[in-house]
Amino acid sequence: MFSLLEKDAHPRFTTALLEWFAGAMRPLPWRQNYEPYAVWISEIMLQQTQMERAVRYFNAWMEQFPTLESVAAADEETVLKAWEGLGYYSRARKLRQAARELVDSYGGVFPEETERLKKLPGIGEYTAGAIASIAFNRPEPAVDANVERIFSRLYDIDAPIARAEVKSYIRKQARSLLPEGRARLFNQALMELGALICGKTPRCLICPVTDFCEALRLGKAASLPNKGAGKKYTYLEMATGLLMRNGRVFIQKRPDYGVWASLWEFPGGCLEEGESPEQGLLREFAEETELRVRITEKIGVVRHGYITNRVTLHGFFCKAEEGGEPHLHAASEGRWVSPSELADYAFPAGHRKLLERIGWKTAA
Ligand code: SF4
C-alpha cells in the first residue's frame, strides 16, 4: 500500500495537525482541567450522542454528581433518571457499577493503564485509550469511528472498515503517529478533525493535513471508508396505553434485564401479524396486567429508533372495564402516579415522546 504518511513524514503531520487544533479546539467543559472523572463521563456520554447534546447532559450531570463518590452512592433509579433522553441505558448502569468499583477497590482513584481501565464495566478498548491519553497524557491511541474514517482516507484503505485486520492496522498507525509527550492533544486533535473537517462529507479544501492524504490525491476521499454491507433495520409496530384512574396514570417498571432494563413504561408491546394497534393494545393489557381495558382516546403516533430497530408507536388513553389492580406479568413493579410525578421516572424514548406530545414533560 502506497502512503504519503511514511515514517519520515510523521513529525510534519503531527505539527500540522496540532497547529490546526490549537486554533480550532472547541472549549468543551471537560477540557478545562482534564480531570479523569470528567473525561470518563464525557467519553461515555459521547458514545452514540452528538456533541451539543452531550455537553448539555454533561453540565447537568456534573451539577447532580460532582464526584465519582456521588455516582457510586446514588441508587440506580436516580442515575437512570439523570441519563433519560441519552438512550442506550446500559451505559448509565455500567457507569454506576464502575463508579462503585472505583470507590470500593481503587480508593476512588482512576487507574492510568489501559489494561486496568478495561477491567471496569463499560470501558472498552477505545474508552480506555481515550481516558489514558486525555486524562493522563499516556501514549495510547484512541480510535473511534471518526478516527477510523480519517485513517481510511489518509491511507486509502479500500477494505471494509469493520474487518478486524483493518481495525488493527489503523490502531497500529495511530499508535506510531503519537508524538512524544503529546498524546492528550494529538488524540483530541484527530477526534476534532473527524468532527469538524473529515466528516462523512470531507471538507478537504480547509483540511490541515491535505499533504498527507492518499485518498485526496486519488480523488476518492468521499467514497471512503468502505462500510461493507449496509445496516439492516428491523421495523416494529407497537401500541401502548396510558391507563387512567382518578386522575392518575398506571406505570410499570421493566425487569432489570433485557431491552430498557429497569426503565418505567406504560403497558403495551409489539403488534402481532394482522392486528390493528387498538386490538394489539387490548391484548397486551390483558397479557401484561390481566386487565380488560377500553380505549378512550388516541394520543397519536411517534417514531423512534434504538440499536437497529425502527419503531412506530401508537399511543392511547384507556380505562379499565372493571375495578381491581393490575397483576403484573411483564414488570417488576407497578404504580399509579399523577402526571406531574412522571418527571421523577425514567422512560424509554418512545414513551417519553408520547408524553411530550400530550404536554406531560418527563425529560430532565
Ligand atoms: S484531505 Fe480530506 S479526506 Fe483527507 S484527511 Fe483531510 S478532510 Fe479527510
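The values are calculated or read from the model by the stated rules, or taken from the named source; none is laboratory data. Just so we're clear, the structure is a prediction, and the values are computed from it rather than from any experiment. Glycine also receives a Cβ, built like all others from the backbone with ideal geometry; neighbour counts cover every protein chain displayed.
The table for this structure:
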{"item": "Filter pass, A82 being of a type in the set (A, V, I, L, M) and either on the phi > 0 side of the Ramachandran plot or within 16 Å of the ligand (Cβ to nearest atom) (or both)", "result": "no"}
{"item": "Residue within the stretch 242-253 that is surrounded by fewer than 16 Cβ atoms within 10 Å (Cβ to Cβ), at pLDDT 90 or above and in a helix (DSSP H, G or I) present", "result": "no"}
{"item": "Residue under evaluation R303, criteria (1) surrounded by fewer than 19 Cβ atoms within 10 Å (Cβ to Cβ); (2) farther than 19 Å from Y89 by Cα; (3) out of contact with any Pro (no Cβ under 9 Å at 6 or more places or on another chain), criterion not met", "result": "(2)"}
{"item": "Among (1) part of a loop (DSSP other than H, G, I, E, B); (2) at pLDDT below 95, the one test that V143 misses", "result": "(2)"}
{"item": "Given (1) under 22 Å from Y126 (Cα atoms); (2) more than 12 Å from the ligand (Cβ to nearest atom); (3) modelled with pLDDT of 95 or more, index of the condition A239 fails", "result": "(1)"}
{"item": "Qualifying residue in the stretch 280-288 (condition: at positive phi, free of Cβ contacts under 8 Å to residues at least 12 places away in the same chain and not hydrophobic (A, V, I, L, M, F, W, C))", "result": "no"}
{"item": "So L205, is it within 15 Å of the ligand (Cβ to nearest atom) and part of a helix (DSSP H, G or I)", "result": "yes"}
{"item": "From the options T210, T234, residue that is near the ligand (Cβ under 9 Å from one of its atoms) and either polar (S, T, N, Q) or assigned by TED's automatic domain parsing to the domain that holds Q47 (or both)", "result": "T210"}
{"item": "Count - residues of the stretch 89-121 that are in contact (Cβ under 8 Å) with a residue 60 or more places away in the chain and either assigned to a helix (DSSP H, G or I) or closer than 13 Å to A261 by Cβ (or both)", "result": "3"}
